[in-house]
1. Taking the chain as the reference, fit the longest principal axis to its C-alpha atoms, fit the long axis of helix 130-168 to the helix C-alpha atoms, and give the angle between the two in degrees, 0 to 90, nearest 10.
2. Pop the C-beta distance of A27 and L151 into the FRET formula with R0 = 22 Å and round what comes out to the nearest 0.05.
3. Could you let me know the centre-to-centre spacing of region 145-159 and region 23-64, using Cα atoms, in angstrom?
4. Treating only the Cβ atoms of Lys and Arg (+1) and Asp and Glu (-1) as charged, compute the dipole magnitude of region 51-151 about its Cα centre; round to the nearest 20 debye.
5. At 1.4 Å probe size, with no ligands or nucleic acids counted, give the accessible surface of T46 in Å², nearest ten.
6. Which is farthest toward the positive dipole end of the chain among P33, G61, A97, measuring Cα position about the Cα centre, with Cβ charges +1 (Lys, Arg) and -1 (Asp, Glu)?
7. Grab the DSSP H runs of the chain that are 4 residues or longer, score each as -39,500 (n - 2.57), total them, divide by all residues and round the 222 nm result to the nearest 500 deg cm²/dmol.
8. Name the residue from V116, L153, P126 whose Cα lies farthest towards the positive end of the charge dipole of region 88-160, charges +1 on Cβ of Lys and Arg and -1 on Cβ of Asp and Glu.
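The values are calculated or read from the model by the stated rules, or taken from the named source; none is laboratory data. What you are looking at is a predicted structure, and each value in this text was computed from that prediction instead of being measured. Neighbour counts run over all protein chains shown; Cβ positions are idealised from the backbone, glycine included. Note: accessible area is taken over every heavy atom of the protein model, side chains too, but ligands, DNA and RNA are not part of it. Shrake-Rupley method; radii C 1.70, N 1.55, O 1.52, S 1.80 Å.
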Amino acid sequence: MRAYLDFVSATLVLSVTLATTLVLLFAVFPALPIGGEMLDVKAGYTHPEVIAEMEGYGDQGRRVYAWSAATLDTLLPLVYASFLAGIVFRFRPTERAWRLAWLPLVAGALDLLENVQIIVMLIRYPDVSAGQVAIASLFTRSKASALLLCLALAVVLAVTAAVRRGRRAPDRSP
């Protein structure tokens, strides 16, 4: 695990994983011809909302969504979890705090579990149960909360490290 964290905390890997995350989020996913809003980006959803969305996607939209959830949306959590784990590991305040880098990996795992639930609903449509929707929505909310926590942690650690580095810099004033 430490070798993986050493790898993902390298500057080049951080740059590539950040760029890949941004391209997927802001260029690739919005361009998918799904015919509606992806469930992944909602704060949560109910059974009637899911049925209405899936009806709006149409057969082709549901196929595209299921394909993208199984491929592109499997890549996305792997990439953003690696980026956030690398940031957390790189800017950890103490050596013992390296375990905090597990948190983004948990968020990524929740995202992958959410994808499985969404794929199952897309394949089973129109036979989607309220229980299935409740489970999928729970994973969506859990992923969103975990991701928000990880983003906040990464920002706090990076800012704290920058402040510490700035204080240690020699005074160059005349």
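1. Orientation of helix 130-168: about 10 degrees from the principal axis.
2. 0.65
3. Each part reduced to its Cα centre gives a spacing of 27 Å.
4. 480 debye
5. Here the residue's solvent-accessible area equals roughly 70 Å².
6. The Cα lying farthest towards the positive end belongs to A97.
7. Helices in the chain give a 222 nm mean residue ellipticity of -25000 deg cm²/dmol.
8. Value: L153.
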